[in-house]
1. Residues of the range 7-53 being surrounded by 13 or more Cβ atoms within 10 Å (Cβ to Cβ), modelled with pLDDT of 85 or more and not in a helix (DSSP H, G or I), which ones?
2. Can you say whether T62 is away from the ligand (no atom under 15 Å from the Cβ), at pLDDT below 95 and either of a type in the set (V, I, T) or under 12 Å from the mean Cα position of the chain (by Cα) (or both), as far as the supplied structure shows?
3. Can you tell me which of (1) at pLDDT 85 or above; (2) out of contact with any His (no Cβ under 9 Å at 6 or more places or on another chain) is the one G107 doesn't meet?
4. Identify the residue in the range 95-126 that is of a type in the set (A, V, I, L, M) and within 11 Å of L20 (Cβ to Cβ) and, among all such residues, is surrounded by the most Cβ atoms within 10 Å (Cβ to Cβ).
5. In the range 90-132, which residue that is part of a loop (DSSP other than H, G, I, E, B) and more than 16 Å from the ligand (Cβ to nearest atom) is farthest from the chain's Cα centre (by Cα)?
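The values are calculated or read from the model by the stated rules, or taken from the named source; none is laboratory data. The structure displayed is predicted, hence computed values, not measured ones. When we count neighbours, we look across all protein chains shown, and the Cβ atoms used for this are built from the backbone with ideal geometry, even at glycine.
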Amino acid sequence: MTGIAERPSTARRTFLAAHLTSRQRASLRNHLTGDLEKTRLLIEQLGADMESFTASRRDAATDDEHDPEGPTLAFELSQSSAILAQSIQHLADIDAALYRMDEGTYGLCKTCGGPIALGRLQVRPQAPLCINCAGRLR
Ligand SMILES: [Zn+2]
């Protein structure tokens, strides 16, 4: 990751402690690790699905033009790969949030350094930005 200059100051750590209780942080961590596990399983499942799609397409290759399932499989494959890409991104976001938790910067906006509201973290515990900064990106 980045150098020492990016580490949070002691003042920020104190600020963080004031804005999330250790109980709230523990509950958010549970949420994140549960989601991490679910997302990992989903990625595994999608990977297996896509393999079997590809395998059944290969089997049908000898009679391509008469295969009524051809377009459906292609559609499902593209859907699965879109969901897979999203899930991999989601997993990376969760991983980054857990890293920030270990580092002591969790719950602080990566852009402005301000606290991310508890309500927002409860809905999106992996959120790296406060609502204002996230809104400015749109
Ligand atoms: Zn912000």
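1. L20
2. Answer is yes for this residue.
3. Against the list (1) at pLDDT 85 or above; (2) out of contact with any His (no Cβ under 9 Å at 6 or more places or on another chain), G107 comes up short only on (2).
4. I116
5. G104
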